[in-house]
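We did not get these values from a lab; they are worked out from the coordinates using the rules stated. This is a predicted model, so every value here is computed, not measured. With ideal geometry, Cβ positions are generated from the backbone for all residues, glycine too; neighbour counts draw on all protein chains shown.
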Amino acid sequence: MSESSYTPPKVWTWDNESGGRFAGINRPTAGATHERELPVGEHPFQLYSLATPNGVKVTVMLEELLADGVAEAEYDAWLINIQEGEQFGSGFVGINPNSKIPALVDHSGPDPARVFESGAILLYLAEKFDRFVPTSLTARAECYSWLMWQMGSAPFLGGGFGHFYAYAPEKLEYPINRYAMEVKRQLDVLDRNLAGRRYLCGDEYTIADIATFPWYGALAMGKLYDAAEFLDVGSYRNVLRWAEEVFERPGVIRGRRVNRAWGPEEEQVLERHSAADLDRHAQR
């Protein structure tokens, strides 16, 4: 391993872009950069998002609710193009001061309720409709523990491994090795847990699975960062078995396509305002 010639300054300052795929939208300050109102559709839930793993969590949850007969979960999904900095518009920042997708507004009550952070949105919807969370306190604690595990672990996969392996302007041995090791440890955590369980918390499909699949399920199935061979994901057989089962759920198939702006055209549903938007191209 080569020695680094970088010496950190006494006080860090932001004087140029760091490079890489997302350099143009990263900055060390919060708040809106421009005025932009958000559109509002006719349904109770207004989702502003993109089909990244965190965005997919919420569209899958909404589609699972609808598939489970919860008509009140109808929603409009509006595309937020993070490459163009749309998450820094005043309307979006008003919903999520952290300027990250996804963000949700529930208009079903007397006062609109904003919800940001993907895990918080899943919890909000699960509690509102009493779906996809266990009934017993002990089982619910297990579900919430795995949900928080995902929320705390995924940044090492996305912002850590994914950034340095797939998006950084140059391949650096130390960070790639450091985060590859951690991601493999996380996959081993999941694999050991799933050795005796159908889903993360047992026999019941929950928001823990909905949160974890878009990251670790997609990784195991070779759909994230083109890193399946590098990480030897096939060796995590229990994770792969679980991922393949979740992948076949109708709500997952539909939810993965919402707010997708890349890939085959038949898989892209830039905005979703009714079930018909997904039915027009009922393919994976």
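Does Ala261 satisfy the condition of being of a type in the set (Gly, Ala, Ser), surrounded by fewer than 18 Cβ atoms within 10 Å (Cβ to Cβ), closer than 27 Å to Pro155 by Cβ and in contact with a strand residue (DSSP E or B) (Cβ under 8 Å, 6 or more places away or on another chain)?
Here the answer is yes, as Ala261 does meet what is asked.
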Which members of the stretch 250-266 meet the condition of being free of Cβ contacts under 8 Å to residues at least 40 places away in the same chain and in a helix (DSSP H, G or I)?
Ile253, Glu265, Glu266
Restricting attention to the stretch 237-249, report how many residues are assigned to a loop (DSSP other than H, G, I, E, B) and without any contact (Cβ under 8 Å) to a residue 24 or more places away in the chain.
1
So Val183 passes all but one of these: (1) surrounded by fewer than 18 Cβ atoms within 10 Å (Cβ to Cβ); (2) touching a residue at least 24 places away in the same chain (Cβ under 8 Å); (3) touching a helix residue (DSSP H, G or I) at 6+ places or on another chain (Cβ under 9 Å). Which condition number does it fail?
(1)
What's the number of the condition Trp149 fails, among (1) surrounded by 13 or more Cβ atoms within 10 Å (Cβ to Cβ); (2) over 29 Å from Ala180 (Cβ atoms)?
(2)
Would you confirm whether any residue within the stretch 123-130 is in contact (Cβ under 8 Å) with a residue 24 or more places away in the chain and more than 26 Å from Leu104 (Cα to Cα)?
no
Here are Arg249, Arg241, Arg237: which of them is within 29 Å of Pro134 (Cβ to Cβ), surrounded by fewer than 23 Cβ atoms within 10 Å (Cβ to Cβ) and out of contact with any Asp or Glu (no Cβ under 8 Å at 6 or more places or on another chain)?
Arg241
Restricted to the stretch 190-219, and to residues that are in a loop (DSSP other than H, G, I, E, B) and of a type in the set (A, V, I, L, M, F, W, C), which residue is farthest from Pro155 (Cα to Cα)?
Ala195
Would you mind stating whether Asp277 is within 17 Å of Leu66 (Cα to Cα), in a helix (DSSP H, G or I) and not basic (Lys, Arg)?
yes
Would you check if Phe161 is more than 26 Å from Phe22 (Cβ to Cβ), of a type outside the set (Lys, Arg) and either touching a strand residue (DSSP E or B) at 6+ places or on another chain (Cβ under 6 Å) or crowded, with 20+ Cβ neighbours inside 10 Å (or both)?
no
